[in-house]
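The values are calculated or read from the model by the stated rules, or taken from the named source; none is laboratory data. Everything numeric in this text was worked out from a predicted model, so none of it was measured. No Cβ is skipped: glycine too gets one built from the backbone with ideal geometry, and neighbour counts run over all protein chains shown. The protein model used for the area step is the full one, side chains on, heavy atoms only, and it has no ligands, DNA or RNA in it. Shrake-Rupley method; radii C 1.70, N 1.55, O 1.52, S 1.80 Å.
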Amino acid sequence: MGVMNHNYLGNLEAALDFHEKALEIRKRLGYRKAEGLSYNNIGGVYEARGDYKKALEYYEKSLELSVDIKDRVLEASNLYFIGKVSMLLGQLQKAMEYLERALQLKSDTGVKKAGNLTDLGNLYMYFGDYDKASQYHQQAIKLCEELEDREIMGRCHQNASLLPCYLGEYEKVKSHLEKAIDIYEKTGNKVDLAMASVDISYSYISAGQHQKASEYLQKALKVSKETGHIQIKTSVLTGFSFLNFYLGKYEQAIGHAKDALQIAKKVGQKEIEVSCYVLLGNAYFAQGHNEKAIQYQSKALECRKEIGMKDQSQVYLRYILGQLYSSQGNFSRACENLHQGIKIHQRTRSSLKDETDKISLDGTNCPCYKSLSWLLLRERNFNQALFTLELGRSRALVDLMLKKYEIKRNPVQNELTPNALESFLKERKKNFLFIATFGVKSFALWFVDTTGRVKFKQVNVDLETELSKESSATEEHGMDTSSSTLDDLQCEDRSLASLYENDVLASREQKLKPNKGSVKMQVKQIGSKSCISLSYMVKTYSALIAPIFDLIDSPEIIISPESGIFLTPFASLKDENGKYLSETVRIRLTPSLTTLKLIHDSSASYHSQTGALIVGDPAVGPVEIAGSVKTLDPLPKAREEAQMVSRLVGVCCLIGEEATKEEVLRRIQEVSLVHIAAHGDEDTGEIALAPNRSIVGVPKIEDVMLTMNDIAQVGIRAKLVVLSCCHSARGKALKAEGIVGIARAFLGSGARSVLMSLWAVDDGATKEFMNIFYKFLIREKLSASESLHLTMKKMRESVQYSDRKHWAPFVLLGDNVTLTF
């Protein structure tokens with residue numbers, strides 16, 4: 001009855017009464033094991049009431065007795081609960097010691113250990129070892145699934161939600177918590193249900209669903225009042241504080257946080273105490289009380305240091321303190337905090353193995369790099385500002401390339417130093433343009449001339465708003481006759497649209513969503529027409545190119561733009577006299593300066609010098625997707641294109657049923673040139689191939705798709721990859737990593753250079769473009785950059801394909817290469 005009242009009914013007073021009576025009877029009868037269990041149960045009630053000192057007293061009594069009677073199962077249980085209470089008190093090293101001992105005993109005795117594993121997962125997370133934390137959480141969930149242990153499964157999912165929260169993977173957070181809540185509701189565990197309700201309220205608050213968040217908090221509040229459970233009470237108070245902060249009700253937020261803080265300090269809940277300091281600091285900052293804000297955020301930082309927490313939250317605190325000191329004009333203290341935040345971020349990400357986790361963490365901590373760079377610009381330290389942004393850009397891609405090229409670096413220290421970057425820029429004797437955005441109204445441009453000197457320009461213009469206003473005005477007055485329409489293109493549908501035409505949910509999560517502050521009119525809608533606005537070309541040129549145009553002293557410019565402007569068709573940007581940028585210079589893109597340096601640092605023997613793989617019109621056939629069978633139409637024009645390229649290059653091509661996923665992956669690893677003309681995913685650029693011959697029946701979508709992961713796994717040694725598919729430059733736009741799509745995957749897997757397309761191009765124009773390009777590349781032995789530049793020139797000069805919609809989407813990513821076969 002005591003356990004029932006505690007765990008399920010939440011009646012702590014009744015539970016304590018039952019446990020104490022049971023203890024008295026068991027002691028009188030001499031049932032020592034049962035006596036130990038009673039001490040353990042009483043400790044649990046005191047823990048729930050927030051009397052941690054008393055809880056430890058009873059757990060330790062039970063531990064002493066269990067050792068005396070050599071009951072290893074009971075001993076393991078007490079070690080576990082002492083570890084849990086120690087964690088609540090912020091005694092993390094002690095908690096680790098006890099939980100590890102408990103896990104060993106449980107493993108030796110065959111006792112269920114999933115709860116132990118998931119709590120250790122949280123501990124490793126607090127210590128900043130995210131990879132190990134993830135492993136423990138995964139093990140715990142797997143064990144529960146195998147044993148069908150639903151009660152512990154709920155807690156495992158609830159605990160597992162913390163790590164993705166730190167990494168900024170909020171959909172995973174919500175998924176774990178929804179599973180936990182579903183389990184608690186079915187098992188009737190009202191205490192854990194209340195805690196999970198508080199946790200999920202944060203997800204709804206962050207998503208702007210404040211009413212839904214309030215409903216969950218009210219449910220938890222009701223349980224708190226019914227049970228007197230102290231941890232639920234403090235959690236509910238911090239939850240309401242967070243909600244009121246988001247609603248702009250700062251006084252209420254402060255009131256709830258102070259109430260929670262008072263209780264947390266009284267009972268010793270260190271983690272809640274830290275949360276309250278952060279909430280108070282944020283609320284005072286929002287009110288303009290910066291001194292108070294600094295005071296509370298500093299307390300939060302000190303408290304975390306005191307208890308040994310080395311997790312992601314320290315980066316956030318350093319970032320906030322950087323903002324606070326900056327607002328006071330104390331730029332040295334601001335820079336100091338931001339530098340520390342970046343160091344903690346670098347140390348934390350060095351423990352991660354999963355690329356997705358790295359990308360998420362980099363995106364979460366991107367503001368630290370941006371803020372530090374902005375402060376350095378204010379101090380006119382332009383080179384260091386550039387270097388700081390470079391350190392935060394495309395880090396996961398850099399890791400992939402380091403691994404592929406087998407370049408050894410210290411995993412904690414960045415592979416690029418200011419001196420190394422300066423030397424690289426001087427050695428290349430090229431023009432570089434590094435572009436960053438600050439807010440929605442400021443572009444920062446770093447231009448490097450052929451001597452390696454860096455010159456900085458800042459442009460203040462709200463380009464997006466200007467273009468949006470103009471777009472609205474144009475809609476009212478009809479189609480802009482100077483716009484280049486894409487709706488009249490005579491081209492095959494090389495996208496996967498037909499697979500998703502009746503599925504409104506499929507593939508939509510991957511859709512490109514420009515970040516705040518990005519320019520999102522690469523191809524925009526005016527009325528019912530898709531067009532590339534002349535005004536867009538001129539205004540974007542004015543913002544990004546005109547300020548540095550007179551500095552250009554090389555026939556080629558290498559541009560490293562932020563993700564929000566990465567898909568800008570730079571070749572077709574026009575000056576006010578109507579001259580395209582590509583008429584003056586060759587243009588090449590790179591995700592970051594570091595990625596380009598790594599390509600140049602790679603072994604001379606890494607990339608293949610001979611061989612080509614030409615793929616066209618793979619016979620995909622019927623495909624099962626989301627329970628339905630769909631068919632992709634053949635691409636006869638893509639087949640013609642592949643056959644034409646095959647003749648120019650002098651190798652046989654893979655077409656139709658021969659172009660299987662297995663065969664492509666086998667051949668792609670050793671050739672110098674890859675050319676693929678096939679269906680491509682509109683959002684990621686991933687490519688549809690023919691199913692392997694071994695597949696029986698209708699293949700599933702994953703059986704035919706050449707994915708980013710496939711490319712990463714096999715390794716590419718091509719000097720040039722040409723992706724003649726719809727939207728092959730597309731991908732998911734991420735703050736720190738850039739555009740994550742198939743083109744990036746090829747670069748990360750070892751390809752030296754990738755020719756990609758920003759949008760679908762007329763079939764005839766594509767064939768003509770590739771015909772000219774390969775004649776320059778193969779017959780004239782020109783570089784890829786020169787071949788692309790001259791091909792654009794010839795297309796502009798032609799009668800049929802002079803419009804920019806036919807030649808402007810082709811972009812060269814990575815290095816400039818020359819083929820030698």
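Over the chain, what is the relative contact order in whole percent, taking alpha-carbon pairs under 8 Å and six or more residues apart?
For the chain, the relative contact order is 8 percent.
With all protein chains present and a 1.4 Å probe, how do CYS165, CYS652, CYS156, CYS335 order by accessible area, largest first?
Largest accessible area first, the list is CYS652, CYS165, CYS335, CYS156.
Tally up the carbon and sulfur contribution to the accessible surface of segment 1-117 as a whole percent, 1.4 Å probe, everything protein left in place.
Result for segment 1-117: 51 percent of the exposed heavy-atom area is carbon or sulfur.
Pairing the Cα long axis of helix 763-774 with the longest principal axis of the chain, what angle in degrees results, from 0 to 90 and rounded to the nearest 10?
With rounding to tens, the tilt is 80 degrees.
Would you calculate a helix-derived [θ] at 222 nm for the chain, using -39,500 (n - 2.57) for each DSSP H run of n ≥ 4 and dividing by the full residue count, to the nearest 500?
When only DSSP H runs of four or more count, the value is -18000 deg cm²/dmol.
Take LYS455 and LYS700, extend 7 Å from each Cα along the Cα→Cβ direction, and tell me the distance between the two endpoints in nm.
5.7 nm
Too long at a 27 Å Cα-Cα cut-off: which of LYS142/LYS353; LYS597/LYS781; LYS53/LYS299; LYS455/LYS539; LYS174/LYS732; LYS112/LYS700?
LYS112/LYS700
Report the net charge of residues surrounding SER672, where surrounding means a beta-carbon distance below 14 angstrom and charges are Lys +1, Arg +1, Asp -1, Glu -1.
Value of the local net charge: +3.
Might you report the magnitude of the Cβ-based charge dipole of segment 164-247 about its Cα centre, with Lys and Arg at +1 and Asp and Glu at -1, to the nearest 20 debye?
Result for segment 164-247 is approximately 200 debye, rounded to the nearest 20.
Taking the Cα centre of the chain as origin, work out the dipole magnitude from +1 charges on Lys and Arg Cβ and -1 charges on Asp and Glu Cβ, in debye rounded to 20.
1980 debye
In segment 303-460, carbon and sulfur make up what percent of the accessible area (probe 1.4 Å)?
46 percent
If you count only protein heavy atoms with a 1.4 Å probe, what accessible area per residue comes out for segment 676-768, rounded to a whole Å²?
Value for segment 676-768: 26 Å² per residue.
Please report the antiparallel percentage of DSSP beta bridges with both residues in the chain, rounded to the nearest 5.
That works out to approximately 55 percent antiparallel.
For segment 177-237 and segment 97-166, what is the centre-to-centre distance using only Cα atoms, to the nearest Å?
21 Å
Run the accessible area of segment 679-803 with a 1.4 Å probe and give the carbon-and-sulfur part as a rounded percent.
The nonpolar share, carbon plus sulfur, comes to 48 percent.
What's the local net charge at LEU243, with K and R +1, D and E -1, over the other residues with C-beta under 15 Å away?
That sum, taken over residues with Cβ under 15 Å, equals -1.
With the other protein chains left in place, how much accessible area per residue, in square angstrom, belongs to segment 193-349 at a 1.4 angstrom probe?
Dividing the accessible area of segment 193-349 by its residue count gives 42 Å².
Gap in Å between the Cα centre of segment 563-586 and the Cα centre of segment 285-312?
Computed from Cα coordinates, the inter-centre distance equals 46 Å.
Looking at segment 220-257, which chymotrypsin sites (Phe, Trp or Tyr not before Pro) are DSSP coil and have at most 11 other C-beta atoms within 10 Å of their C-beta?
none
Below 8 Å, C-alpha to C-alpha, sequence gap of six or more: please give me the relative contact order for segment 1-126 in percent.
Contact order relative to length: 16 percent.
Can you pull the accessible area of SER542 for me, 1.4 Å probe, Å² to the nearest 10?
70 Å²
Between SER107 and THR707, 0.36 nm times their residue separation minus their Cα-Cα distance comes to what?
Stretched out fully, the SER107 to THR707 stretch lengthens by 212.0 nm.
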